[in-house]
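The block underneath contains the structure these notes are about, expressed in structure tokens.
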Amino acid sequence: MNHPTPTSPPDPSPPVASGWLDSLRVYLEPTSLRMLGLGFAAGLPLLLVLGTLSFRLREAGIDRTTIGYLSWVGLAYGFKWCWAPLVDRLPLPILTPKLGRRRSWLLLSQLLIMVGLMGMAWADPRDTLGPVVWCALLVAFASATQDIALDAYRIESAQVRLQGVLAASYQTGYRLAMIWAGAGVLWIAAGVESGESNGGYQQHAWQVAYLAMAASMLVGMLMVLISPEPSRVEWPPARDAQTWLRSTLIEPFADFLRRHRWEAVLILALIGTYRISDVVMGIMANPFYVDMGYTKTEVANVTKVYGVIMTLVGAFVGGSMTLRWGVYRVMMLGAVLSAATNLLFAWLAGHGHDVTALIAVVSADNFSSGIASAAFIAYLSSLTNVQYSATQYALFSSMMLLAPKWLAGFSGVAVDQVGYATFFVGTAALGLPVLLLVYLARKTQT
């Protein structure tokens, strides 16, 4: 069988930085700055097929149950491990000889994202949802493919001890893109729409906004062209198709099981549930804002600016915490905060329309999310064998989303049945088993 010698899993826990200034200075290194730009390209499509799209659909009069089911478009991110081995090993004609393995897949996926966003711009959900759904699926599939190549690029670009820092830089670029894809698209739509509809749905306004988002993918394409291709281990040529398929499709997963044995079950359970509170709650967040009477501008300013800024702060704090205190402690903190802040949304549901209260709730929720994300990405990175970085990280990040995204599809039904407040309390309760899994995972490393 053609496969490289597997490496031992690195220990993600030991702190390496002696002071906070040293911990923060690494964010100015070239590798961190490149990851900042590439993170922007990764963060742009997500809201446009999930969060922002749910706001658009609710404004167009689509019912909450349908919006919940349409969130299953995001399951493309949960199944990306299926084609990750091809991204890991298959060269692209013309592009790969010129750009390298990672950058060629990045550029192709970004082109497809742009095409899909243009299709979403022209489709009117009031006429039929079919074109919107198909274009959203294209964007989700291409975005998931971009994530596969980008995660591998990040892992291969620096040592394990710096993965928490790169995770924070990635999250910063990602969240900046989410400001643009969240607040920016709402600002554009609000600015373009006329006053004739009294705040109702206007297709032309959303069309202009989504075309602007499609053009914004040029930033990611430029970053791919100016970024260096990371060094890679050359694989020996396969003797036949069967050998190639075995080394490409089977060996990355077999390597993970060989290294972790029975602990693999615990690791996959933790990965599959760590973000469940946030993901399940997040699908109904934008319909909640619409139903609570918040305007596009209020939602843009509060949830997509104040909230994202707090996520950035949380990501930097979380990345620095992992350098000083280790991944597991910060993961535990992030899990507690992520579940607890959902209770604030339950309070807001009974409090009523209040922009100041919305700022406080959204800021706390996003700060917690930033801490949890930085630590969790560092944890996932520590589990990979660099020889199979694209495939193995895709497996982990897919597991992170698969169960939560599936469960989130029923969120609209749940809200219709029990109301927003009870729904938010239920999403907080979903995070309780995560605390035990983090504790057990840490115990296996001691």
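Entry for the range 384-446 at q = 0.12 Å⁻¹: log10 I(q)/I(0) = -0.50, Debye formula applied to identical alpha-carbon scatterers, no solvent contribution.
Couplings 3J(HN,Hα) for the range 205-219, derived from phi with the Karplus relation 6.51 cos²θ - 1.76 cosθ + 1.60 (θ = phi - 60°), are 5, 5, 4, 4, 5, 6, 5, 5, 5, 4, 5, 5, 5, 4, 4 Hz, where x marks Gly and Pro.
Each peptide in 252-262, 220-230, 44-54 was scored by the mean count of other Cβ atoms within 10 Å over its residues; highest first, the order is 44-54, 220-230, 252-262.
For the range 279-287, 3J(HN,Hα) computed residue by residue from phi via the Karplus equation (6.51, -1.76, 1.60; θ = phi - 60°) reads 5, 5, 5, x, 5, 8, 4, 5, x Hz, glycine and proline entered as x. In whole angstrom, the range 313-446 maps to an equivalent ellipsoid with semi-axes of 29, 18, 13, each derived as √(5λ) from the alpha carbon gyration tensor and ordered largest first. Here's the list of lysines a cross-link from Lys304 could span, going by alpha-carbon distance under 26 Å and ignoring same-chain residues fewer than 8 apart: Lys296, Lys405. When Asp151, Asp278 are sorted by how many other C-beta atoms sit within 10 angstrom of their C-beta, beginning with the fewest, the order is Asp278, Asp151. Dividing the Cα radius of gyration of the chain by its Kirkwood radius returns 0.96 for Rg/Rh. Taken over the alpha carbons of the range 70-209 as equal point scatterers, the Debye sum produces base-10 log I(q)/I(0) values at 0.20 Å⁻¹ of -1.27. Ordering Arg101, Arg89 by the number of other Cβ atoms within 10 Å of each residue's own Cβ, fewest first, gives Arg89, Arg101. Each of Cys135, Tyr294, Phe55 was placed along the dipole of the chain (beta-carbon charges, centred on the mean Cα), and the one lying farthest toward the positive end is Cys135.
Per-residue ellipticity at 222 nm computed for the chain from its helices equals -23000 deg cm²/dmol, with DSSP H segments shorter than 4 residues left out and the rest contributing -39,500 (n - 2.57). Annotation: amide H-H contacts under 5 Å for Gly326 (H modelled 1.01 Å from N, sequence separation of 5 or more, or interchain): none.
Here the range 41-103 is treated with +1 on each Lys and Arg Cβ and -1 on each Asp and Glu Cβ, and its dipole about the Cα centre works out to around 360 debye.
Report the net charge of residues surrounding Asp354, where surrounding means a beta-carbon distance below 15 angstrom and charges are Lys +1, Arg +1, Asp -1, Glu -1. Computed value for this residue: -2.
Given R0 = 25 Å, the distance between the Cβ atoms of Arg259 and Glu229 translates into a calculated FRET efficiency of 0.40.
Charges were assigned to the Cβ only: +1 to each Lys and Arg, -1 to each Asp and Glu. The resulting dipole of the chain about its Cα centre is roughly 1120 debye.
Rule-based calculations on the coordinates, nothing more; no lab input. Owing to the predicted nature of the structure, the values given are computational and were not obtained by experimental measurement. When we count neighbours, we look across all protein chains shown, and the Cβ atoms used for this are built from the backbone with ideal geometry, even at glycine.
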